[in-house]
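Novice: Sharing a structure below in structure tokens format, with a few things to ask.
The values are calculated or read from the model by the stated rules, or taken from the named source; none is laboratory data. From a predicted model like this one, the values you see are computed outputs, not experimental measurements. Here the Cβ positions follow ideal geometry from the backbone for every residue, glycine too, while neighbour counts run over all protein chains shown.
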Amino acid sequence: MSNGQVNMDALLDFNNPNFNVPLLDQVVEIFFNASHPNHAQAHELIKNLQDHPMAWKRVDGILEQSTSDQTKFIGLRILQLTVDQRWKTLDSNTRQGIRNYMITKILTLVTALDGPDKGNRGSQSLLRKLNECLVAVLKQEWPHNWPGFIDEMVSSGKSSEPICENNMKVLGLLVEEIFDFSEEDMLSSKVIKMKQSLQGEFGKVFELCQFALERSQRSTLIGATLTTASRFMSWVPLPYVFETPVLSLLCTRFLHIPQFRCDVLTVLTEVAGFNQTKVQQSQHQMLLCQCFVAVMDKINKMLPLQQVNIPQAFANGKEEEKRFILKLTLFLQHFYANWLPILESNPNECSGAMLLGMQYLAAISNVDDDVTFKICLEHWHDLTENIYKQMTSFRTPAVLALGSGMMSVGQLAGGTGSGGGAKAQNALQQRQSWYGPVLHEVRKTMVSKMSKPKEVLVVENDVGEVVMSVVKDTDALAQYQTMRETLVFLTHLNYEDTESIMYVDGKCLWSIVWCAKMVTTAGRFRFFYPQIFFFLMVLFLLLFFSFLPLSFSFLPCFVC
């Protein structure tokens, strides 16, 4: 056995009080060098060291004496495994000592990162890992064995901005563990108790967040506070949202600042996700509408539609700018999904902002990004379906079509009748005047970006038979189905506009082919001239494909 092998094995001798940290650094270096002849031995030793039940006693020596960040991470891995797997086997004094050491080490790193180690990525990574270890301890100890944790976080946070920033990150991780990942590794009774404790002490956490947002000029602290706020906003008691200046603070102080705008929109999206069942008080609903108006006013100044081509800006923009467009899309989609009726019921105060948001979504729908487009598509599907159902819910000869095409309920249903009343008719006509121009742009987008339907190929199998083979693409088919339904609703609302767009827009030929058959089942196409429409469409396609080889010219007819 070589000396190197003997030295490696000596690291597993826990009877020796003197742990050779420099030797461990050498072993770790070999471990991360796959070409080293002793790599396998180093790998086996690291594994055995991490699995040893007494390895936690070496962690403080590793963190204090090692000169290698990789070795320190292995030490923290040992600590986390101890907390996750062996915490209950340790006596209370030992657990208290580990807790105190972790807090002291965290404070030391925070102080160093605000001074001589500022910008040191290795120290930053170690601090993040220590925060994760602290949260693992909290999952074991809080609230029953550590009832004063929240008070300690708030008091220490108010004493120092760097400490407050790190405390925000710890609270964010804790909230995430409790509300998002708790089912994986905690008993339901434990999860319920932690949720109740956090909700019961939320006033103190909110006080710290508001303290940071109102008084701090430290950008990293503000960013950490906004990130943490977005994680607990979905379950925060409503008085903290609507009876404090937090919404006004977000909209007026931080939204227009580029480095905070994405985080602010994330918080506001969580608030927009509140539905009318949760927010029942009329003054709270009006406050949400006022918040929306303020947000759209800021957005219009930051990204004016008259001056910025959003699809082009998205294509040429940096990742942060693309993220901002995505966050804005999510905010608008969530707000309209839950609060569009309230906006519509207050036209004097909200109609301008409401239509401006629709125009932004119409422009964003044209960006070359599948995730963003699917969010927009969900909104347009819900909106057009809602208008269509409203249109068909009564049988008075009210004007149905939006824009230039005119059709009455009586024409659609084959007659006239009572029901609905003047109020419903006026509401529908009001929505026509609001959404007509926007839906015209949406029709153009739907036609130009129409997903392809299920593909069927004619192939010859192994025995020489000609059979049909279906090409399956679940995501594409789901998107096609949603787009199909949306375009059908749009065609019902204004068949002439849909028809004119499909005739004029020759830049997206195959999209037009995919749209052609579905829209003949909608609106007045269903009763009048589908044959004429198909004849003109096929003629147009044949003329276009006449410039191609003969073998391709039959394709449009085959598809139709």
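Novice: Can you name the number of the only condition in (1) at pLDDT 95 or above; (2) under 23 Å from Leu126 (Cα atoms) that Ala212 fails?
Specialist: For Ala212, the exception is condition (2).
Novice: Out of the range 323-353, which residues are crowded, with 17+ Cβ neighbours inside 10 Å and either basic (Lys, Arg) or not assigned by TED's automatic domain parsing to the domain that holds Val267 (or both)? It would help to see each step written out before you state the result.
Specialist: The first filter runs over the range 323-353 and keeps only residues crowded, with 17+ Cβ neighbours inside 10 Å, leaving 324-336, 338-340, 342-343, 350, 353.
Across the range 323-353, the qualifying residue is only Lys327.
Novice: Still on this structure, please answer the following. Being among the charged types (D, E, K, R), closer than 25 Å to Gly97 by Cα and part of a helix (DSSP H, G or I), is that true of even one residue in the range 199-211? Step through it out loud before you land on a result.
Specialist: If we filter the range 199-211 for residues that are among the charged types (D, E, K, R), which is where we start, we get 201, 204, 207.
Now restrict to residues that are closer than 25 Å to Gly97 by Cα: none.
So far as the range 199-211 goes, no, none of its residues is among the charged types (D, E, K, R), closer than 25 Å to Gly97 by Cα and part of a helix (DSSP H, G or I).
Novice: Hey, among Lys190, Lys195, Lys118, which residue is under 24 Å from Gly97 (Cα atoms) and of a type in the set (D, E, K, R)?
Specialist: Exactly one of Lys190, Lys195, Lys118 is under 24 Å from Gly97 (Cα atoms) and of a type in the set (D, E, K, R), namely Lys190.
Novice: Would you be able to tell me the number of residues in the range 464-512 that are among the aliphatic types (A, V, I, L, M), outside any helix (DSSP H, G or I) and at pLDDT 80 or above?
Specialist: Of the residues in that region, 0 qualify.
Novice: Would a scan of the range 215-234 turn up a residue that is in contact with a Lys or Arg (Cβ under 6 Å, 6 or more places away or on another chain) and under 19 Å from Lys327 (Cβ atoms)?
Specialist: Kept after step one, since they are in contact with a Lys or Arg (Cβ under 6 Å, 6 or more places away or on another chain), are these residues of the range 215-234: 224.
Next, only the ones that are under 19 Å from Lys327 (Cβ atoms) stay: 224.
Yes, the range 215-234 contains a residue that is in contact with a Lys or Arg (Cβ under 6 Å, 6 or more places away or on another chain) and under 19 Å from Lys327 (Cβ atoms).
Novice: Among the listed residues Val279, Val295, Val308, Val264, which satisfies the condition of being touching a helix residue (DSSP H, G or I) at 6+ places or on another chain (Cβ under 8 Å) and without any contact (Cβ under 8 Å) to a residue 40 or more places away in the chain?
Specialist: Numbers: Val279 fails: without any contact (Cβ under 8 Å) to a residue 40 or more places away in the chain; Val295 fails: without any contact (Cβ under 8 Å) to a residue 40 or more places away in the chain; Val308 fails: touching a helix residue (DSSP H, G or I) at 6+ places or on another chain (Cβ under 8 Å).
Answer to the check: Val264.
Novice: Looking at Asp263, Asp180 in this structure, which one is surrounded by fewer than 15 Cβ atoms within 10 Å (Cβ to Cβ), charged (D, E, K, R) and within 27 Å of Leu134 (Cα to Cα)?
Specialist: On the way: Asp263 fails: surrounded by fewer than 15 Cβ atoms within 10 Å (Cβ to Cβ).
So the residue among Asp263, Asp180 that is surrounded by fewer than 15 Cβ atoms within 10 Å (Cβ to Cβ), charged (D, E, K, R) and within 27 Å of Leu134 (Cα to Cα) is Asp180.
Novice: Exactly one condition in (1) surrounded by fewer than 16 Cβ atoms within 10 Å (Cβ to Cβ); (2) over 33 Å from the mean Cα position of the chain (by Cα); (3) more than 21 Å from Asp25 (Cβ to Cβ) is false for Asp84; which is it?
Specialist: (2)
Novice: Same structure, new question: Test Leu12 against the stated conditions and say whether it is touching a residue at least 40 places away in the same chain (Cβ under 8 Å), part of a loop (DSSP other than H, G, I, E, B) and not small (Gly, Ala, Ser).
Specialist: Numbers: touching a residue at least 40 places away in the same chain (Cβ under 8 Å): yes; part of a loop (DSSP other than H, G, I, E, B): yes; not small (Gly, Ala, Ser): yes.
Yes; evaluated as a whole, the condition is true for this residue.
Novice: Yes or no: the range 153-162 includes at least one residue that is of a type outside the set (A, V, I, L, M), in contact with a Lys or Arg (Cβ under 7 Å, 6 or more places away or on another chain) and farther than 27 Å from Met54 by Cα.
Specialist: From the range 153-162, those of a type outside the set (A, V, I, L, M) are 155-162; that's our starting set.
Narrowing the set further to residues that are in contact with a Lys or Arg (Cβ under 7 Å, 6 or more places away or on another chain) leaves 161.
Filter again for farther than 27 Å from Met54 by Cα, leaving 161.
Scanning the range 153-162 turns up at least one residue that is of a type outside the set (A, V, I, L, M), in contact with a Lys or Arg (Cβ under 7 Å, 6 or more places away or on another chain) and farther than 27 Å from Met54 by Cα.
Novice: Would you point out which residue out of Thr269, Thr220, Thr252 is out of contact with any Pro (no Cβ under 8 Å at 6 or more places or on another chain), closer than 26 Å to Met354 by Cβ and either at pLDDT 95 or above or outside any helix (DSSP H, G or I) (or both)? Break it down stepwise before answering.
Specialist: Details: Thr220 fails: closer than 26 Å to Met354 by Cβ; Thr252 fails: either at pLDDT 95 or above or outside any helix (DSSP H, G or I) (or both).
Result of the check over Thr269, Thr220, Thr252: Thr269.
Novice: Collect the residues in the range 108-117 that are closer than 21 Å to Gln70 by Cα and either under 31 Å from the mean Cα position of the chain (by Cα) or part of a helix (DSSP H, G or I) (or both), keeping them in residue-number order.
Specialist: In the first step, residues of the range 108-117 are kept if they are closer than 21 Å to Gln70 by Cα; the result is 108-110, 112-113, 116-117.
Within the range 108-117, Thr108, Leu109, Val110, Ala112, Leu113 meet the criteria.
Novice: Something else about it: Kindly indicate whether Arg95 is in contact with a helix residue (DSSP H, G or I) (Cβ under 9 Å, 6 or more places away or on another chain), among the basic types (Lys, Arg), under 24 Å from Ile163 (Cα atoms) and in a helix (DSSP H, G or I).
Specialist: Values: in contact with a helix residue (DSSP H, G or I) (Cβ under 9 Å, 6 or more places away or on another chain): yes; among the basic types (Lys, Arg): yes; under 24 Å from Ile163 (Cα atoms): yes; in a helix (DSSP H, G or I): yes.
Yes; evaluated as a whole, the condition is true for this residue.
Rundown of residues vs (1) within 22 Å of the chain's Cα centre (by Cα); (2) at pLDDT 95 or above; (3) surrounded by fewer than 16 Cβ atoms within 10 Å (Cβ to Cβ), yes/no style:
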residue	(1), (2), (3)
Val191	no, no, no
Gly203	no, no, yes
Leu226	yes, yes, no
Phe232	yes, no, no
Trp235	yes, no, yes
